[in-house]
Amino acid sequence: MTDHHQTNLMTLTRYVLEEQRQHPDATGDLTIAMNAVQLGCKFVEACVRKARLINLVGLAGNTNVQGEDQKKLDVLSNEMFVNALKASGKFSFMVSEEVDDIVVVPEELRGKYCITFDPLDGSSNIDAGVNVGTIFGIWRLPSGPRATVEEILVPGSEIIAGGYCMYGSSCNLVLTFGGNRVEGFTLDPAIGEFILTHPDIRIPPRGKIYSVNEGNSMYWDDATRAYFDSLKAPPADSGRKPYSARYIGSMVADVHRTLLYGG
């Protein structure tokens with residue numbers, strides 16, 4: 001919870017507005033788009049927190065585009081994000097892991113951005129209380145609201161904003177606007193705002209852990225297998241200690257830990 005003795009809080013909305021002011025030619029469209037993203041994150045966080053109480057655990061009876069069984073919370077989270085993003089009027093296309101086809105926004109609500117997202121990554125672990133999260137990336141369409149579906153196929157370097165929101169003991173939203181800075185925000189439930197708590201995150205140059213699904217090691221090539229063997233059993237004359245294995249199985253949780261502590 002935020003220290004309420006502080007009166008000059010850097011909220012996510014304030015941060016995005018300050019970023020906007022640094023670019024005189026900015027239209028404010030990305031600010032509105034990010035407000036829609038954080039609204040979706042707040043809604044999902046509230047549902048994850050109450051999932052067992054309001055019967056949102058268990059299967060919905062469908063599979064997603066990856067062939068994974070959809071949970072009830074998967075479906076609800078996807079609907080919330082699609083509706084929030086569509087209502088912002090800043091997106092023309094949405095690509096969700098939970099939907100087979102590209103979501104095409106009605107012409108009267110179309111904007112100059114496309115977004116790809118997984119509304120609830122790691123949901124197979126939700127019944128066990130493991131951290132889950134939302135992953136998203138936003139990029140500008142060359143033709144703006146008049147763009148065609150073919151224009152969404154761009155390299156990752158074209159992403160202008162991206163990040164993830166992790167739902168667990170706290171709700172953490174980590175994002176970047178395509179520069180060198182990665183910022184971390186924590187949701188204060190008392191005021192309903194994301195507060196900047198981890199400014200300018202830098203991954204440590206060397207960590208003490210490795211995070212990988214070793215159940216797939218039989219499919220690794222020789223170089224990959226040799227690399228992980230060197231982490232677990234470094235040469236005696238190297239002076240390095242063996243790395244410890246830490247693998248949750250939820251991408252957002254594993255990435256978040258590695259980003260903060262290295263590895």
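Only the coordinates and a few stated rules stand behind these numbers; no lab work does. If you're wondering where the values come from, they're calculated on a predicted model, not measured in any experiment. When we count neighbours, we look across all protein chains shown, and the Cβ atoms used for this are built from the backbone with ideal geometry, even at glycine.
Annotations for the structure displayed:
- Relative protection proxy for 84-90, 99-105, from highest mean packing down: 84-90, 99-105 (other beta-carbon atoms within 10 angstrom).
- Projected label points at residue 158 and residue 95, each 7 Å from Cα along the beta carbon direction, are separated by 0.9 nanometres.
- Of every Cα-Cα pair in the range 12-198, the percent that sits beyond 23 Å: 42
- Entries of 42/232; 42/112; 42/241 with Cα pairs more than 32 Å apart: 42/232; 42/241
- Cβ crowding within 10 Å averaged over residues, with 39-47, 136-144, 6-14, 118-126 ranked highest first: 118-126, 39-47, 136-144, 6-14
- By the count of other C-beta atoms within 10 Å, a proxy for reagent exposure, 117, 93 are ordered fewest to most as 93, 117.
- With pairing defined as another cysteine C-beta under 4.7 Å, the cysteines of the chain that fail it are 47, 114, 171.
- Most tightly packed first, judged by the mean number of other beta-carbon atoms within 10 Å of their residues, the peptides 247-259, 194-206 read 247-259, 194-206.
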